[in-house]
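A quick write-up on the structure given underneath.
The values are calculated or read from the model by the stated rules, or taken from the named source; none is laboratory data. All values derive from a computational prediction rather than experimental measurement. Here the Cβ is made from the backbone with ideal geometry for all residues, glycine too, and neighbour counts use every protein chain on show. These area figures cover heavy atoms from the full protein model, side chains too; ligands, DNA and RNA do not enter into them. Shrake-Rupley method; radii C 1.70, N 1.55, O 1.52, S 1.80 Å.
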Amino acid sequence: MNVIQKYTRAIGSSNLRDDAHHHSTEVLAAAALCRDLGTKLFRVKYAGDATSYASLLDAWREIVKTKAAHRTWPADVSPAKVAKLSLDHWLNDVCPACTGRCYEPVRGQATVLSDVSCKACAGTGTRAVQVQHKLLHLVEDMVEALHAMCKHAAGQTIKRLAEEMEF
């Protein structure tokens, strides 16, 4: 079970006891100690915490503005707009045709999957970025940056959990 699955499971748990048989709080505590946007990314995307969206967007806008300045984006491109578009896509990137399962459902049975990859997402489970052509590569780049930040936060969480374990 990966960090995202453990985090989602812990958020949905009705029992957050921390004893010899219950370990849900460990992943929550480790994720909370992330110093980057990891905690907010996890909270908004995987826990469905809409109250953290505004602060996440503000922090992400600042990061995108810095990236835009370092990469010398064209003057007519709004870093704030790219930030909002990329964050909104990252938060809701599931392919609507296969609902993220990567395969076509068997006709007449929505819960049974075929061996045929989803045509809409080419078997990735994610939808394509849909923005104006001139912003496409910038938004895609920022979506990849969000993926990298999420992976980094998950790695930091695993590292913190491993430090607590005794081998």
The correct count of residues that are open to solvent by 60 Å² or more (accessible area, probe 1.4 Å) and under 26 Å from residue 63 (Cβ atoms) in region 78-125 is 5
Scanning region 126-154 for residues that are touching a residue at least 40 places away in the same chain (Cβ under 8 Å) and more than 15 Å from residue 83 (Cα to Cα), the one most open to solvent (accessible area, probe 1.4 Å) turns out to be 152
Scanning region 36-58 residue by residue, the ones that are in contact (Cβ under 8 Å) with a residue 40 or more places away in the chain and not acidic (Asp, Glu) total 9
